[in-house]
Each structure stands twice: as structure tokens, then as C-alpha cells.
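Report on one structure; see the data block that follows.
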Amino acid sequence: MTEKAKPVELDVAYVDGVKLTGPWNRMFEPRVITDYDLNPLEAITQIPGAESLGYCYQCGKCTAVCPIDTVGDYSPRKIFRRTQLGIDLMDSPDLWLCTTCANCLRVCPKEVNMIQIMPAVREQAVAKGNAPQELLTAFENTARYGNPLGEPPRRRADWVKAAGVPVPILAQHKAPVDVLWWVECYPSYHPRGKDASVALARILHHLGVDFGILGVEEKCAGDSQRMAGETGLFEVLAEHNIKVLSKYQFNTLMVTDPHAFNAFLHHYPKLGGSWPTVHYTQFLAARVEAMEFTRAIRKRVTFHDPCYLGRHNGEYDAPRRLLQAIPGLELVEMGRCRENSYCCGGGGGGMWMDGFAAQHLNMRLSERRVLEALEYGAEVLAVSCPYEVSRFEDAVKSTGNAGRLAVLDIAELLAQSLGLIPEQV
Ligand code: SF4
Ligand code: SF4
């Protein structure tokens, strides 16, 4: 509530011995400019990790770059304001829509940090059982089966049968390897993820890489579960994975999934697990000269930067180096690319909350991104995160564009051009 300010003029005033008269003394009486109940905001900013929500000074820079605001009504600025007006973030859909893409943090002058705020507040909501059911199911699956899809652990390495090249499983291999390939869940179980794994296995073989995988011993790295509020589950997974990795001798940990990559770079070391870690695009980009391409791919291709490879970990060039090495391929950039890339909607637990997001947004983020790729005339949307192939393929269909845009992992495009898999585009 705002009260009208009352100007007060003193006839004469002395300031540091200087005599001031008339309008120079015009002052405003102290006035009440708000009677907001600050308790809801303080309840959030008192949570360790969520303090920075209180730093917001409403400049609005974040709203311009938040991918969710493009398809809804959302941003840290709006979350702050709603909380200031008394809405309990714990009970609000706002708590679950953020994909932790980090674009707001990139531009925020006050360093309001959603990457810390979201997991901190969500952790408390999850402890109260106050989270979307889809997310709770993914947590339960991960806890029970070691993967969010709820697939049997014993089938984690079944995709290897389709590889057609040796893919050593370290428990049976019984020898050190140069590269331990961290395959992760979607590349192990999802049909389109398995396609990319087969392609990558054949590329590694083509390059003569000495590698192995963990197979059934590997469990989800847990980074998205951590960002979605399940810190305890993340720690249990990390403890298991660190123990397993510590049994084997290898020089490099090569990771398919940018979320797992993020966990290995920043969070496993705090729990005692630290290895030289690269994303598969970085590993391959360093060896692109050794690739013997035999087929041109004469297509207009655009690349979607994964939030956890790009903004979170600063790698924008390796995927592009690989795409530009493919003969005939024309790489076109979308307007929102690199540091300002859009988000597929899968990060921060969004992968498991599509139904929830559909209830609160005008359009899925993956659908908006697919339309953007088409606006730039792309025939292929290239990806390098296992969440994205299925999300974007679904979005191509749900936006009525089936057959107009192929969605392919960079490993699939490379393998196709190397003559290692049948032509897909
Ligand atoms: S950019 Fe930062 S300070 Fe500005 S409105 Fe957004 S959260 Fe607040
Ligand atoms: S992290 Fe991304 S999705 Fe979340 S509020 Fe910031 S810009 Fe929006």
C-alpha cells in the first residue's frame, strides 16, 4: 500500500554551516511505501542455497532470456515478485518449471542464482512429498533400478549386441583401458539413445580407441535428480558410482550425457571421485583429423547447444568442429545459440515433468525449439545430449512437422558419413 508523500519545507536550515532556504529544504516525510508481508519471501531466502532470491532488484533482464517465459509467464523476476506478494513458492508451480538452464544467471547483475535456489527449495518440498507425481516416479525408478526409466539393471548393456563391434565390459575385460566410456541411462535404454550408442561405439572402433564400459555396474549419475531436489538420492548414486569407477584403471572418463558430465566435473570430486573427464564431442573433436569420411551429407543442419555442455560448462566449439568436418554438410546457426541457446526443457528434472509442464505452459520448450530450427530452414537438428533426441522427435510430430526435420545425434551424423551405419538423411 502506498501513502501519498507529504512534502515539508523548512524556512531556514543550516547544513555544515551553510544556510539553506526555501525549496532547497524541501524534504519528504518518512513514508510507508509497502506493507507487504515479508514472511513468505524470508521463508525462502532463509533456506541455505536460496538466499540469492532476496537479492533481486527487479531489473527484468532475466525475463528477456528465460526460455520458459517464451512459452509461459515465468522468470526469476516474476518468482521474486510473486513471493514478495505472498505466494508460497513451495506450493506454486513456479517451483517445478525452471529447467536450471542458467540463462538468467548469465545476465543477472545481482547474481540471483536459480542453479542453487531451485535444488535447495525443491529439496524441502520433496521432503514433504510435495512434488509432481511424474517426478516422484522418476525418483522411485532411479532409487529402485538405478535409472529413471524404470528399466531392469541387468539389461543396461543389452544395446551392445547391436553394436557389431567389440564393446568390452570392464568386469569381464580384466585389463586397464585408455578410455572408460560412461554411457548413462538414456543411451543405454531408450531406443533412439541406443542408436546413438551404437554409432559412437563404431566410431571409437574406427578410431582404434582402447575403451570399455561398466554395463550393469553403472547407475545413473544422478545430476538431474539432484537439481530436481533429491540430493540424498544423488549422494547414494554418486557413492555407488565412485566405488565402481575406483575399481578400474583408465586414463580418461568419456561421458555421453552433459548432465553426467556436469556431475563428474563439479559434484563427484566433492564426494571423493575425480578423474580426467571429457564429453564425447570433445573426445571426438580432438581426433577428427583421423576420421576417414566416405559419404557426404548434403543437408542444412543446425545444432542445439545443450545447457549443461554449453552454458554450464563452456563447451560450444567441439560439437561444431565435428559437424563442420562432415563433407557436404551446411551448418546454420539459429538466433538463440551458444551462450544464449534455448533449452529443450529436459534439464533440472524437466525430462520427467512433461505432463506437468503441459498444464502450465502454452507450448513445450522442445516444440518451440523445433519451430525455431524450421524457421532457419534446417533439414536436420543435430544434438549432443541424450535427453534431446526423444524430446525433439516428439516435438517434430506434435507440431505437425513429421518428415520435415530429422533429429540426429552428432555421433549418428558422423557414423553415417564414415560409412559405419546406414544412411538416415
Ligand atoms: S536479472 Fe536478476 S536482479 Fe534483474 S530481475 Fe532478474 S533476478 Fe532480479
Ligand atoms: S535457469 Fe533458465 S529456466 Fe530457470 S529461471 Fe533461469 S532462465 Fe528460466
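The numbers here are math on the coordinates, done by the rules we state, and not lab data. No experiment lies behind these values; they were computed from the predicted model shown. Because the Cβ atoms are built from the backbone with ideal geometry, glycine has one as well, and the counts that use them run over all protein chains shown.
The table below lists the values:
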item: The stretch 269-328: trypsin sites (Lys or Arg not before Pro) in DSSP coil with no more than 16 other Cβ atoms inside 10 Å; result: Arg287, Arg295, Arg298
item: Convex hull volume per residue for the stretch 194-265, taking Cα atoms only, in Å³; result: 101
item: Extension reserve of the Ala127-Glu140 stretch, reckoned as 0.36 nm per residue once the Cα distance is removed; result: 3.3 nm
item: Pairwise centroid distance, computed over Cα atoms, of the stretch 380-396 with the stretch 111-161, Å; result: 20
item: Contour minus Cα-Cα distance for Leu38 and Asp91 (0.36 nm per residue); result: 17.4 nm
item: Computed P(r) (all Cα pairs; the stretch 247-295; 5 Å bins; percent); result: 5, 19, 22, 21, 14, 9, 5, 3, 2, 0
item: Difference of contour (0.36 nm per residue) and Cα-Cα distance, Gln359 to Tyr55; result: 106.4 nm
item: Helix-only mean residue ellipticity at 222 nm for the chain, each DSSP H run of n ≥ 4 adding -39500 (n - 2.57), per residue, nearest 500; result: -10500 deg cm²/dmol
item: Quarter of Cα convex hull surface for the stretch 339-421, i.e. mean projection, nm²; result: 6.3
item: Where the Cα pairs of the chain fall when distances are cut into 20 Å bins, in %; result: 25, 51, 16, 7, 1
item: Efficiency of FRET between Ala162 and Arg81 - r from beta-carbon atoms, R0 56 angstrom, step 0.05; result: 0.60
item: Rounded to 5, percent antiparallel among DSSP beta bridges of the chain; result: 20
item: Modelled FRET efficiency - R0 51 Å, Lys397 with Ala175, Cβ distances, 0.05 increments; result: 0.70
item: Cα principal axis extents for the stretch 81-217, largest first, Å; result: 60, 35, 26
item: Ratio Rg/Rh, restricted to the stretch 39-127 and using Cα atoms, in which Rh is the Kirkwood radius; result: 0.91
item: Relative contact order, percent, the chain [alpha-carbon distance under 8 Å, six or more residues apart]; result: 15
